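The values are calculated or read from the model by the stated rules, or taken from the named source; none is laboratory data. Please read these numbers as outputs of a predicted model, since none were measured by experiment. Neighbour counts run over all protein chains shown; Cβ positions are idealised from the backbone, glycine included. Quick note on the areas: whole protein, heavy atoms, side chains included, nothing else; ligands and nucleic acids left out. Shrake-Rupley method; radii C 1.70, N 1.55, O 1.52, S 1.80 Å.
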Amino acid sequence: MSETFLIKIYSLFSSTVTANNLVKRSLRDSTIECLDDGRFYRNPHRAINRMWSYSECSKYFLCLDGEVFEFRCSEGLLFDVTRQICDFKANVDNCDVTAETKIPKPLLHDAPCANDAQLGCGDGTCLPNEYFCDGSVDCPDGSDEGYCNPNNDPNAADKCDLSVCQLPECFCSKDSTQIPGGLEPVNTPQMIVLTFDDSINMENWNLYQDKIFTNKRKNPNGCPIRGTFFISHQYTDYQKIQKLWEQNHEIALHSITHRGPEFWWRDNATIEDYFDEFVGQANIINKFANVRMEEIRGIRVPFLKVGWNRQFLMMKEFGFVYDSSIVAPFTNIPLWPYTLDYKIPHACLGDNNCPSRSYPGVWEMVMNQLEVEDGRTCVYADQCPANLNGDDVFRMFMHNFKRHYSTSRAPLGLYFHSGWFKKPEYMDVFVKFLQFLEKLPDVYFVTNNQAIEWMRNPTPVNQLHNFEPWKCSPKQLDPNEKTCSYPNSCKLHSRVLQQDRYLITCNECPKQFPWIRNELGLD
């Protein structure tokens, strides 16, 4: 078997399924004919009465360079030929389908449609323009979604139009380096946005309460510094989520399942999947942490694998305020967040799938990369080179702070998973960095939503003591919204995960472990 051939197989896995945890075995098979379209398929000759059996539905084939190879999903998983991934049995409904139907190209303007407000499907069916590349199949032959990408969308967003786009609802600029309100950098606060992804529990609680967000750390207006927490469901202690919200930190969403493979979010997740994952997680947080639904405003997609128009159509429909999943290419002048009324003002980085349509009023808290001294870049702190010592990390933080502070004053986002802080010297230098910033009169630690509120109403540094969204009046809470001292620790069975899980909440225990499509844990 040639090295080039192996590279082709690896490349295909990289874009469809995760070979490490989904592929059981790989064997050459000469009895199955070649369907040479670069996609996985099933045995066309399998017995009808065996189609839905585990042995047949977990098996799939690939033809490359005229050779057919057999693969099998890991134990307990079945192959979904439509999504081209292995998944749990409950999520696979096409064991009887041999191969994915090849989608024809749409005719678009070449179809003899009745008016200019319609485009043609591949079979000549005419549908409203907005149905094409919206993430939902409408053409009988599926052609309205078959040839879509950020650069090939008949309904693509226009470039920024400053004569139309006006604050507080719309913000854009040619290259996203313009300061909102036309303020000069010297009059602009340098916002620091600390975000933390995944679950909150006893393993990281002391980090947040005793190390980072201590009562002694204040902004120049006298208010405590605050952060944004993107919450995923498993292993989360909802009493602690409630406490963070009571302390005026921002609670945002990171999905229920945080499922893999990571490219599923980019390529396979439907509008309904995004709704189930993020609206479902909002319902869980609202139900078991008593966080007000109207204060759950933002989302971040797992693995930062942006879900193209499907993700943002869901956000617009549900009323989410912002996304923070898009990573900008590195530039010497960091980028400001923007609304998605117009085409995004930068390239879509790497293999991501950025939105191509207009989503008026939805903000993108774009993620600027950190630059390491040798020119390498990283997004999350734990993605930075592992060989950095404490001094290297401190220099990295200081360099990137100065890069923001001395140029556009765009918010400096510092993105973490709590595991990064387990290295003592990293924790020490981060505290040292915080202590340096606390001395500066124009540096404010704010949540994502507070940054958006400032952008909607740009306020000079010398007026920020009276800027209402950054004040720290105690939250007026109903009795059930006050965090309890002794929560319920609920041992619950999960039908999907096939094992018990614990749910910690100040509220009553549900009947089942909350999960996707059963976020309230009903029996």
Please state the relative contact order of the chain as a whole percent: Cα pairs under 8 Å, 6+ residues apart?
15 percent
Going residue by residue through region 266-275, the Karplus relation 6.51 cos²θ - 1.76 cosθ + 1.60 with θ = phi - 60° gives ³J(HN,Hα) values, rounded to whole Hz and with x marking Gly or Pro, of 7, 9, 10, 5, 8, 4, 5, 4, 5, 4
Keeping all protein chains in the complex and leaving out DNA, RNA and ligands, what accessible area do you get for Y131 with a 1.4 Å probe, in Å² to the nearest 10?
90 Å²
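Run through region 412-455 and list the trypsin sites (Lys or Arg not before Pro) located in a DSSP loop whose Cβ has at most 11 other Cβ atoms within 10 Å. Write out the running numbers ahead of the final one.
Working: sites: K422, K432, K439; in loops: K439.
Here the sparse-neighbourhood loop sites are K439.
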Cα Rg, Dmax, region 185-312, angstrom units
15.9, 47
Three principal axis lengths of region 436-523 [C-alpha, angstrom, descending]
56, 28, 28
HN-Hα couplings for region 209-223 via Karplus (6.51, -1.76, 1.60; θ = phi - 60°), in whole Hz with x for Gly/Pro, come out as 7, 9, 9, 9, 9, 7, 5, 7, 7, 10, 7, x, 8, x, 8
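How much of the DSSP beta bridge set in the chain is antiparallel, as a percent to the nearest 5?
Taking every DSSP beta bridge within the chain, about 60 percent pair in antiparallel fashion.
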Given backbone amide H placed at 1.01 Å from N, residues whose amide H is under 5 Å from that of A252, ignoring those fewer than 5 places away on the same chain, are F229, F230, I231
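On a 1.4 Å probe surface of the protein chains, which of E481, E246 comes out largest in accessible area, and what is the full order?
On the way: E481 15, E246 55 Å².
From most accessible down to least: E246, E481.
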So what J values fall out for region 224-229 if you push phi through Karplus, 6.51 cos²θ - 1.76 cosθ + 1.60 with θ = phi - 60°, rounded to Hz, Gly and Pro as x?
x, 6, 9, x, 10, 10
Loop-resident sites, region 455-523, for trypsin sites (Lys or Arg not before Pro), counting at most 16 other Cβ within 10 Å (DSSP):
K471, K475, K482, R495, K511, R517
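As a check on your grasp of the helix formula, calculate [θ] at 222 nm for the chain: sum -39500 (n - 2.57) over DSSP H runs of n ≥ 4, divide by the residue count, round to the nearest 500. Working shown, then result.
Working: 13 runs with 110 residues, N = 523.
Mean residue ellipticity, 222 nm, calculated: -6000 deg cm²/dmol.
Could you state the accessible area per residue of the chain in Å², with a 1.4 Å probe and every protein chain left in place?
On the way: 23530 Å² over 523 residues.
Counting only protein heavy atoms, the per-residue value for the chain is 45 Å².
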Within the set of other residues whose C-beta is less than 10 Å from the C-beta of V164, count the net charge using Lys and Arg as +1 and Asp and Glu as -1.
-3
Taking H placed 1.01 Å from N in the peptide plane, check which residues at least 5 places from N507 or on another chain put their amide H under 5 Å from its amide H.
N488
May I ask you to compute the full-extension gain from T98 to E203, defined as 0.36 nm times their residue separation minus their alpha-carbon distance, rounded to one decimal in nm?
33.2 nm
Unsatisfied cross-links (Cα-Cα over 25 Å) in the set K211/K471; K159/K471; K240/K511
K159/K471
If the convex hull of the alpha-carbon atoms of the chain is projected onto planes in all directions, what is the mean projected area in square nanometres?
27.8 nm²
